[in-house]
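The values are calculated or read from the model by the stated rules, or taken from the named source; none is laboratory data. If you're wondering where the values come from, they're calculated on a predicted model, not measured in any experiment. With ideal geometry, Cβ positions are generated from the backbone for all residues, glycine too; neighbour counts draw on all protein chains shown. Remember, those area values only see protein heavy atoms, side chains included, never the ligands or the DNA or RNA. Shrake-Rupley method; radii C 1.70, N 1.55, O 1.52, S 1.80 Å.
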Amino acid sequence: MLVARNKVVRFEYTLTNDEAQVLDRSGEGEPLTTLHGSGSIIPGLEAALEGKRAGESFKIRIAAADAYGEHDDELVQNVPREMFEDNDAIQIGMQFHSDDEDGETRIVTVTAANADSVTVDGNHPLAGVPLTFAVTIVDVRDASREELAHGHVHGPGGHPHD
């Protein structure tokens, strides 16, 4: 069976940057499970999986635009330190939820701080970074009606429903 829209795909992967640093990988014996076409993984990887079958392995470099997007300087802001509840505890690398002008919640990361202000970055940490995936397709199956209705995989490797 080929990877196609509305198929459940289980795959193992290792993610690296252009310096060959491992950024992420699936756990040993714990492949990532996704409903293909649901948008639950980055667009470039989803496109690369299309048409592959169980047992296939491949390596692909995905441009930043097809991964977590290009870095957007407008998402970097200096805000007054007093906007934070416990502003004495602010440290570089901390993350917070923030609502944008459209009411969308975004995770922002503290990138700098001084006595008066805090610089936060609303870009994904991998924005602007091309990514390389080494992938092995473990399994491909039809999604159940319930999985299609819910838009995600159920059971092992998927979303738990009690």
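Worth pointing out:
- Entry comment: accessible area of segment 1-145 is 61 Å² per residue, from protein heavy atoms only and a probe of 1.4 Å.
- Charged side chains reduced to their Cβ positions (Lys and Arg at +1, Asp and Glu at -1) give segment 1-96 a dipole of some 860 debye around its Cα centre.
- Here the sum of -39500 (n - 2.57) over DSSP H runs of 4 or more residues, divided by the residues of the chain, equals -2000 deg cm²/dmol at 222 nm, to the nearest 500.
- The overall shape of the chain is prolate: from the C-alpha gyration tensor, with semi-axes ordered a ≥ b ≥ c, the ratio a/c is 1.5 or greater and a/b exceeds b/c.
- Residues in segment 143-154 carry Karplus couplings, in order, of 7, 6, 4, 5, 4, 5, 5, 8, x, 7, 7, 10 Hz; the curve used is 6.51 cos²θ - 1.76 cosθ + 1.60 with θ = phi - 60°, and Gly or Pro positions show x.
- Carbon and sulfur %, accessible surface of segment 20-103 computed with the full protein complex present, 1.4 Å: 43 percent
- For segment 11-74 and segment 82-125, distance of Cα centres in Å: 28 Å
- Among 118, 151, 87 the positive-end extreme of the charge dipole of the chain (Cβ point charges): 151
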